[in-house]
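The structure appears below as structure tokens.
Derivation of every value follows stated rules applied to the coordinates shown; laboratory data play no part. Here the structure is a predicted model, which is why all the values come from computation and not from measurement. Note: ideal-geometry Cβ built from the backbone for every residue, glycine included; neighbour counts use all protein chains shown.
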Amino acid sequence: MDTIQAILNSMLREAISPQTAAVAIAAIGLNVHFGFTGLLNIGQSGFMLLGAYGFAISIGHGLPLVVGVLLGFAAALVFALVLGAPTLKLRGDYLAIVTISAAEIIRYVGRSALLTDFTGAAQGLQGVSYRTPFTNLSFFGDGDTTLSPFNIYDIAGGAVWVRLVGWLLLAACVTGIVLVAKAGKGRPTKARRASRDADGLVTATPATERRADLGADARQVAVVSPPVRRTVIGVLVAVSVFLLFFLMPTSYQDTGVSGWWVRVIAWLLVAVCLLVVYLLVRSPWGRLLRGIREDEDAIRSLGKNVFAIKMQALIIGGLFGALGGMLYVLPASVQPDSMGRSLTFFCYTALLLGGAATIFGPALGAVIFYAARIMIKGVANAYIPDSIMNGQQTEQFSFIVVGVALMLIVIFRPQGILGNKRELRFNV
Amino acid sequence: MSESTVARSDLADPTARRALMSGVDATPGSAKPDPILVVDNIVRAFGGMTAVDVSHLEVQRGIITALIGPNGAGKTTFFNLITGFDRPTSAKNGAHWSFDGATLDKTSASSVAKAGMVRTFQLTKALSRMTVMDNMMLGAQGQAGENLLKCVFKPLWSGQERAIEEKAKDLLQRFKLLEKKDDYAGSLSGGQRKLLEMARALMSDPKMIMLDEPMAGVNPALTQSLLGHIQSLRDDGTTVLFVEHDMHVVRHISDWVAVMAEGRLVAEGPADTVMSDTAVIDAYLGAHHDTDLGDDALLSDEAMVEMQQEVKAEEAEREEEA
Amino acid sequence: MALLLLAPLLLLVAAPPAGAVGTLCLPTKTQACIAGTVRSEAGVVPNVKLTVTDPSGTSQEVVTGDDGRWNVQVTKEGAYKITLQEDTLPDNVAVSGANEVTVQAKFDATAPVLIPVRTSAYVSSTSKFDELLQSSASGLRLGLLLALASIGLSLIYGTTGLSNFAHAEQVTLGGILGYFIVNVHGINLWLGGLLVIALCGFTGWFQDRIMWQPLRRRGLGLTQLMIVTIGLSLAMQYTFQYTVGARTVRVVQDNPTVRTLGPITLTNQSFVAMGISIVVIAAVGFALLRTRIGRATRAVSDNPALAAASGIDVDRVIRLVWTVAMALAGLSGLLYALVTNGIKWDSGLQILLLLFAAVTLGGLGTAFGALVGSLIIGLVVELSPVLGMPGDFKYATALLILILLLLVRPQGLLGRPERIG
């Protein structure tokens, strides 16, 4: 019981960590690239590293916080321009090749001994050199806070029955969220399943079957009206979050190196980014992105400058990546080796898991990804003896699982958790 | 083009059109009284083979022009060239476009469309995973909401968006697609997708619309409907240029026909006379002239006997030459 | 009489273990030797002090004799650090690279140490030319190894349209398998090598059989397949790390012997590797040009639909391409591990960069393009430090070339324009 509790605790800690938020933001950026525009950017870690370097180096040299952030953004902007200019007119494969190579080059350059004065070479830049302006902004004070202050230990000292009741309530809330969300999507009515061509003859080729599905799902018959649905989901989410902290009280410093301050800011930024993406995607510009993902030539024939729009999307997603990079290194240090290809792959796994081309998908995916990885590691550590799999190996094992999971998601459920299946048969 | 899409143009009247075109020379590359599109020296070579070599073509404003020719004549390639979907080999030396009086400097696909020349595709490019309404909204040009900096502030574009939506609904109503406006375009039948593409192309009030084989894969009932739409486009003042194989259609609605064969323009003229042009006949068959190819009623017994005699005569000729 | 002859020998054997000038070190079953000569291009450099530090940190000093030689005899095996005291060099002589070297001392063997020095009168133009030749040779070597792997990558792209991001891990697989089979299990190198190639070929066959073919049949889009390769790459990397750890492992434990051909000095293994590469590449080229299945492969790579329509069994060709491509990648990895004397779980990272640069440069989808591209990339990477690019950035040069090329001629040198979209 205690091991399970410990594993669950570590899952919660990982789920709210600033690194998770950073990857969520980077995945949001990747969503703009890949989910909405169909751009194959496999170098998101390059954007993140550039944002981190820009930020850390400027602040390390005494520039104010805002300037540091802007310089990080500027670096990502230039990167996007350099990568996009030759490749956005070509097939998707070329962008993939160039971005994966460029991200590696950024890493090489960063860890090169020549630039030790700037980038700290392979050792990187220590957190203290750039963290202070940020921590100085904190108004949380210097104590420790436990979330939530009212927790299971306050009821019967944390007895087993309290925990069971709590977990059941949590399970009920989550089920409620899922059910209410599903109630919003209509079911195709029988009459529309077959498709009729202009003569009124029913044809049952696979093409028509697929078309019938498409037609049916587009009409979302809401059983419950959207505003009511959204409020209910919102309330249930709030209750679930409270229950989580109730069952697993977590304690951090208020400010410190990696305390509540950086966490709150990080997740606030995630919310801001989600809002920005929502505003972008529901606008005509967002419509253009989806059109380009669908068929560039058609969009060109309607008089739109496809290259310019793709470049804009590349830049926007890159800026999100840079912000993610800055957050990633804030509670830790800038280590080029830890922001390489694997980090991009994590972003992709988070994105595809949560659901590409949805608003909340990347954030949800990042949280689940990190929590699940810790769970795998924790379970392997606790239940597999060291002789078969030692500590380091469980870490590596969890990554192997990530790789396999990515493959399985893409093959069997490319729309992830929140995605729309019809929209996501993607092709280059 | 000063004629608005609402008022009927002068050329809606068939007599006016005949009068206009009667003065035009029936030779390839002839000058037109009021050309909306003039292209010069369009050449496209693939390796050693020249697919298109058109030295001069003018398209008259306000009428329906058909571009016909046997398979492999280079019609679609020529179409792609003038709409910016392909680059002529002669791009740097002598290729010239003039649209609506002004030279087109940029001939990329999007610039051509922005200039007022919009095209459809032989294999329809309806954006299947987007709704019909979204497809239509994408057709409108000059949308403030498509600007990256403005798009986050809804008030800056919501008014225009509403206006575009109204226009889209009007067009959908005209093409009888209004009930399907919230369905995914992929769920429409082939014919409906063609109508959607045409409606979408009209969203930008183009001066000239270019249709690439609009009747391809369309059943006879829908053909009539499409023909009607094309004619009403012309009546509203839009110039129409289309590539087509179906000779019925060509004879039925086109005011002027240009014939291509082996990459060159071989003939131009009104529909009924151009078919008797020897050059055209040679291009298509080499025999069987004054037969209307599209008219099955003419396959009477007498016609069959006549054809047999013609064939015998030609074979005898060939044997003499050999 | 015999004793008299033996006396000098006895003197030698009885010589004090370390630091003595002019004595020869004889390695025995319980003692190892470390030896070297300090020599500039002008001649030997006597009276230079070196510090030898053993694995536990104890150091001893040794001085070069009149012949520039020095040696130490040690009783422990392990990693020894040898540092040349630069202040003991004559004024006009300086170290031309790093002034310290780490070697592995083993019983019954002498570990050679080379710390290059040169005089200030070193005429750079001559040495530049020699450097160029040496780098060209290394570049050729790298290019040939890359070619082995990239031909497969290009053919996979040509026949299926898939950019295989896990290809570099397949190369690493060859090296890792080589480590297990030859190093750990002690199988003969040549036999082990054949086994590695066979196993890697099998992984290719297996992949197509249980994954790629079913997914193609299901109609999975190319983007999705590409992401599957990304996931596979991640899983493979961490599997390597899981089984072998994060350290560099070697296929062959002994230190390689060098051979000098004029100004070019490479290990024996490099020459053999280059030779094998040339033979294999020629064989693949011959197969593609002259055999029926080779022509079928080129046909499918050119236009799968047309090839299928003309009666070629496209699935069979693709299966063969996967098998051969992975076998070649495995061979490439094994040779790479041999010539760079070590392979790591993430060696694939550097290799992938170069593979894609080579394939794109030559033209995605053509095997001969891959060969040409690989040779060019190999040469560029090895020559760029000589021509001024700082050593850390030599891989960046390859990428720079790739980006410039895409601006000017995206289809690569031998590719076809229609392929680029």
If I model a spin label at B:D34 and B:S55 as a point 7 Å from the Cα along the Cα→Cβ vector, what separation in nanometres do I get? 2.9 nm
Scoring chain C by relative contact order with C-alpha pairs under 8 Å, at least six apart, yields a percentage of 19 percent
If R₀ is 25 angstrom, what is the calculated FRET efficiency for the pair A:D297 and B:K92, using the beta carbon separation as r and rounding to 0.05? 0.55
Counting other chain Cβ atoms within 10 Å of each Cβ in A:344-357 and taking the mean gives 2
Computed label-point distance, nm, for sites C:V408 and A:F139 using a 7 Å Cα→Cβ extension: 5.8 nm
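For chain C, what class follows from the C-alpha gyration tensor (a ≥ b ≥ c being the square roots of its eigenvalues): rounded when a/c is under 1.5, otherwise prolate if a/b is larger than b/c, else oblate? Can you show the working numbers first?
Details: a/c = 2.74, a/b = 2.02, b/c = 1.36.
Since a/c reaches 1.5 and a/b is larger than b/c, the shape of chain C is classed as prolate.
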Helical mean residue ellipticity (222 nm; -39500 (n - 2.57) per DSSP H run of 4+; nearest 500) of chain A: -22000 deg cm²/dmol
Net charge of neighbours whose Cβ lies under 13 Å from the Cβ of A:S17, counting Lys and Arg as +1 and Asp and Glu as -1: +2
Subtracting the Cα-Cα distance of A:L408 and A:V178 from 0.36 nm times their residue separation yields 80.5 nm
For residues of B:136-144, the mean tally of beta carbons on other chains within 10 Å: 4
Among residues other than B:V38 whose Cβ falls under 12 Å from its Cβ, what is the net charge (Lys/Arg +1, Asp/Glu -1)? -2
How high is the relative contact order of chain B? Use alpha-carbon pairs under 8 Å, at least six apart in sequence, and give a whole percent. 25 percent
Summing -39500 (n - 2.57) over every DSSP H run of at least 4 residues in chain C and dividing by its residue count gives a helix-only mean residue ellipticity at 222 nm, to the nearest 500 deg cm²/dmol, of -18000 deg cm²/dmol
Could you tell me which of rounded, prolate or oblate describes chain A, using a ≥ b ≥ c as the square roots of the eigenvalues of the alpha-carbon gyration tensor, with rounded for a/c under 1.5 and, failing that, prolate when a/b is larger than b/c and oblate otherwise? oblate
If packing is taken as the mean number of other Cβ atoms within 10 Å per residue, what is the order of C:180-192, A:270-282, B:184-196, C:364-376, highest first? C:364-376, B:184-196, A:270-282, C:180-192
Sites C:M211 and B:R162 - FRET efficiency at Förster radius 51 Å, r taken between beta-carbons, to 0.05: 0.55
Within 10 Å of the Cβ of an average residue in C:243-252, the count of other chain Cβ atoms is 1
For the pair C:T260 and A:L70, how long in nm is the line joining their label points, each one 7 Å along Cα→Cβ? 6.0 nm
Let a ≥ b ≥ c be the square roots of the eigenvalues of the Cα gyration tensor of the range C:213-351; is it rounded (a/c under 1.5), or, if not, prolate (a/b larger than b/c) or oblate? oblate
Can you tell me which of C:343-352, C:62-71 comes out highest on packing, and rank the rest after it, using the mean Cβ neighbours within 10 Å? C:343-352, C:62-71
How would C:K29, B:K169 line up from fewest to most surrounding beta-carbon atoms within 10 angstrom? C:K29, B:K169
By the 4.7 Å beta carbon criterion, which cysteine residues of the protein assembly as shown come out unpaired? A:C173, A:C273, A:C347, B:C151, C:C200
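Would you mind computing Rg(Cα) / (2.2 N^0.38 Å) for the range C:135-179, counting N as its residues?
Expressed relative to 2.2 N^0.38 Å, the Cα Rg reads 1.32.
Within 10 Å, count the other beta carbons around each residue, average over each peptide in A:235-246, A:291-302, A:38-49, B:11-22, and list them highest first. It would help to have the intermediate numbers written out before the result.
Working: A:235-246: 16.8, A:291-302: 22.2, A:38-49: 29.7, B:11-22: 14.1.
Ranked from most to least packed, the peptides come out as A:38-49, A:291-302, A:235-246, B:11-22.
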